[in-house]
Amino acid sequence: MQVYLDNNATTMVDPLVVEAMTPFFSELYGNPNSLHKFGTASHPAISKAIDQVYTALNASDADDIVFTSCATESNNWVLQSIVTDLVRHGEKNHIVTTEVEHPSILSTCRFLEEQGVKVTYLPVNDQGVVEVSTVKSFITDKTALVSIMWASNETGMINPIKEIGAICKEKGVLFHSDAVQAVGKIPVDLEDVHVDFLSMSAHKFHGPKGIGALYIKNSQKLTPLLHGGEHMGGRRSGTLNVPSIVGMGKAIELATVNIKETAAKIRAQRDRLEDAILELSDTFVVGDRENRTPNTILISIKGVEGEGMLWDLNNGQIGASTGSACASEDLEANTVMLAIGADNELAHTGIRLSLSRFTTDSEIDYTIAHFKNAVGRLRAISSSFAKVQPTPGGEVQEC
Ligand SMILES: Cc1ncc(COP(=O)(O)O)c(CN[C@@H](CS)C(=O)O)c1O
């Protein structure tokens with residue numbers, strides 16, 4: 001049996017999405033900007049995809065949805081263009097974000113700091129969530145943008161976006177949320193929650209890789225990151241990736257049409273897996289279940305190096321991660337676990353398991369059995385998890 005439990009890294013493309021995309025590779029392949037029928041033939045499908053994204057986010061027609069190559073591009077676009085529009089020529093010079101954002105936010109902020117922009121990296125609490133009062137206390141009259149992720153890719157913990165959005169609106173500060181791990185997993189209603197910009201990525205909700213989008217409220221001015229053509233109303237240049245746009249539209253429709261029922265099914269499987277693993281001694285999960293995306297577990301297993309556990313799981317045909325895929329190559333401690341106060345040893349024991357609507361009950365059963373055996377094996381050879389075993393005479397010995 002093969003079990004894929006790394007859906008926060010990327011997901012399988014839903015076969016129904018592949019079916020929707022197929023005609024636009026070799027049949028309706030014209031450049032949508034061409035005036036001939038080969039180009040205009042794809043226009044209805046592009047319009048439908050845009051409508052599917054608007055509907056999924058409950059966005060207003062006054063807002064813009066601009067397709068990008070990925071959420072990393074969307075995040076870079078907002079941060080770099082806010083500096084172009086509000087910092088270089090204006091009185092503002094400050095960005096507020098958190099310590100636990102995705103690298104596409106943190107690295108871009110560090111790049112902007114090299115250009116003189118002031119960035120505040122807010123701490124998170126022991127649940128990995130930023131406190132509303134903390135956000136409020138660091139906004140000044142020089143703050144150009146607040147950028148805070150809707151849900152953590154590492155822990156699944158959900159930030160108080162509605163409250164933060166209300167504060168930003170009240171203070172007249174632009175608000176961006178990286179919603180990559182929220183869209184398609186939990187309800188995102190942009191009539192109910194105030195954001196000026198929102199990033200999303202199709203390959204997180206069973207769409208194709210290489211396509212994302214940026215939501216822009218009320219057509220807010222935002223200098224393009226990519227120049228060179230009138231695509232997407234002059235917002236983002238580059239020939240439209242028609243198959244992937246169609247795929248993103250179909251994927252977001254499938255992911256959100258019954259989102260509450262789907263989330264409940266995934267959560268039941270996640271909770272069963274989590275309960276079983278927590279039966280093991282010296283284990284803990286980051287964050288409470290009520291304020292977490294339904295598919296994610298970041299679990300610490302004392303005495304078991306994350307990489308060693310991944311290797312054992314992989315040998316058992318189970319795919320998981322120690323945290324975000326972007327950071328998988330390095331053997332650093334999990335930054336989120338460090339941010340919530342875990343010591344360095346503990347921060348090396350994190351395992352991220354992320355389910356999807358395609359995860360089956362038998363896969364959960366198989367994972368539970370393998371996980372428990374793996375922990376026993378790895379702790380038996382772990383120097384940091386010394387066991388105290390009684391000897392025949394009753395004396396106790398370290399081993
Ligand atoms: C919150 C968040 N923000 C941005 C990205 C980047 O999305 P792209 O469309 O791939 O550019 C991701 C992707 N996180 C994957 C790969 S690093 C993970 O393993 O956690 C994300 O989770």
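The values are calculated or read from the model by the stated rules, or taken from the named source; none is laboratory data. Please read all numbers here as calculations on a predicted model, not as lab measurements. As a convention, Cβ positions derive from the backbone with ideal geometry for all residues, glycine included, and neighbour counts pool all protein chains shown. Areas reflect the complete protein model, heavy atoms only, side chains present, ligands, DNA and RNA absent. Shrake-Rupley method; radii C 1.70, N 1.55, O 1.52, S 1.80 Å.
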Taking amide H positions as placed in the peptide plane 1.01 Å from N, state which residues far from Val3 in sequence (5 or more) or on other chains have amide H under 5 Å from it.
-> Ile318, Gly319
Acute angle (nearest 10 degrees) that the helix 43-57 long axis makes with the longest principal axis of the chain, alpha-carbon atoms = 50
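With +1 on each Lys and Arg Cβ and -1 on each Asp and Glu Cβ, and nothing else charged, work out how big the dipole of segment 93-238 is about its Cα centre, in Debye to the nearest 20.
Magnitude of the dipole: close to 400 debye.
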Alpha-carbon centroid distance for the pair segment 19-70 / segment 200-235, whole angstrom | 12
Mean Cβ count within 10 Å, highest first, over the residues of peptides 340-348, 295-303 | 295-303, 340-348
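Net charge near Lys136: determine it from the other residues with C-beta under 12 Å of the C-beta of Lys136, scoring Lys and Arg +1 and Asp and Glu -1. Please list the in-between numbers first.
Details: positive: Lys171; negative: Glu131, Glu163, Glu170.
Once positives and negatives cancel, what remains is -2.
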Hey, what angle do you get for helix 259-278 against the long axis of the chain, alpha-carbon based, 0 to 90 degrees rounded to 10?
-> 20
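Nearest 5 percent is fine: what portion of the DSSP beta bridges confined to segment 37-165 is antiparallel?
Working: 1 of 9 bridges.
If I count the DSSP bridges inside segment 37-165, around 10 percent turn out antiparallel.
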State the percent of C-alpha pairs, over all pairs in the chain, separated by a distance greater than 35 angstrom.
-> 31
What list of ³J(HN,Hα) couplings, whole Hz, do you get for segment 298-314 from phi and the Karplus terms 6.51, -1.76, 1.60, once you set θ to phi - 60° and write x for glycine and proline?
-> 10, 10, 9, 10, 4, x, 10, 4, x, 5, x, 5, 4, 4, 5, 4, 4
Please report, as a whole percent, how much of the solvent-accessible surface of the chain comes from carbon and sulfur atoms (probe radius 1.4 Å).
-> 54
Output the peptides 355-367, 115-127, 154-166 sorted from most to least packed, where packing is the average of other Cβ atoms within 10 Å over each peptide's residues.
-> 154-166, 355-367, 115-127
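Which order do you get for Asp14, Asp61, Asp189, Asp282 if you rank them by accessible area with a 1.4 Å probe, largest at the top?
The most accessible residue leads, giving Asp61, Asp282, Asp189, Asp14.
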How large is the dipole of segment 16-97 about the Cα centre if only Lys and Arg carry +1 and Asp and Glu carry -1, each at its Cβ, rounded to the nearest 20 debye?
-> 160
The chain - mean residue ellipticity at 222 nm from DSSP helices (-39,500 (n - 2.57) per run, n ≥ 4, rounded to 500) | -11000 deg cm²/dmol
1.4 Å probe accessible area per residue over the chain, in Å² | 42
Karplus-derived 3J(HN,Hα), 6.51/-1.76/1.60, for each residue of segment 141-154, Hz, glycine and proline x | 6, 9, 6, 8, 7, 10, 10, 9, 5, 5, 9, 6, 5, 8
Rounded to whole Hz, the Karplus (6.51, -1.76, 1.60) HN-Hα couplings of segment 12-21, x for glycine and proline = 5, 6, 4, x, 5, 6, 4, 4, 5, 6
Furthest towards positive pole of dipole, Met337, Asn33, Thr322, structure part the chain, Cβ charges | Asn33
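Which entries of Lys118/Lys142; Lys92/Lys221; Lys209/Lys260; Lys162/Lys250; Lys136/Lys171; Lys142/Lys169 have Cα-Cα distances beyond 18 Å here? Could you put the intermediate results ahead of the total?
Values: Lys118/Lys142 10 Å; Lys92/Lys221 16 Å; Lys209/Lys260 25 Å; Lys162/Lys250 27 Å; Lys136/Lys171 9 Å; Lys142/Lys169 15 Å.
In this structure, Lys209/Lys260; Lys162/Lys250 exceed 18 Å between Cα atoms.
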Using +1 at the Cβ of each Lys and Arg and -1 at the Cβ of each Asp and Glu in segment 102-155, identify which of Ile139, Ser107, Met149 lies farthest towards the dipole's positive end.
-> Ile139
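At 0.36 nm per residue, minus the direct Cα-Cα distance, what do Phe38 and Gln220 gain on full extension? Give it in nm, one decimal, please. Can you show the working numbers first?
Details: separation 182, 0.36 × 182 = 65.52 nm, distance 3.29 nm.
Contour length minus Cα-Cα distance gives 62.2 nm.
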Please report, in whole Å, how far the alpha carbons of segment 272-318 spread along each principal axis, starting with the longest.
-> 32, 22, 16
Could you pull out every one of the lysines with an alpha carbon less than 22 Å from that of Lys37, ignoring same-chain neighbours closer than 8 positions?
-> Lys48
Length released on extending from Gln2 to Ala380, taking residue separation times 0.36 nm less the Cα-Cα span | 133.5 nm
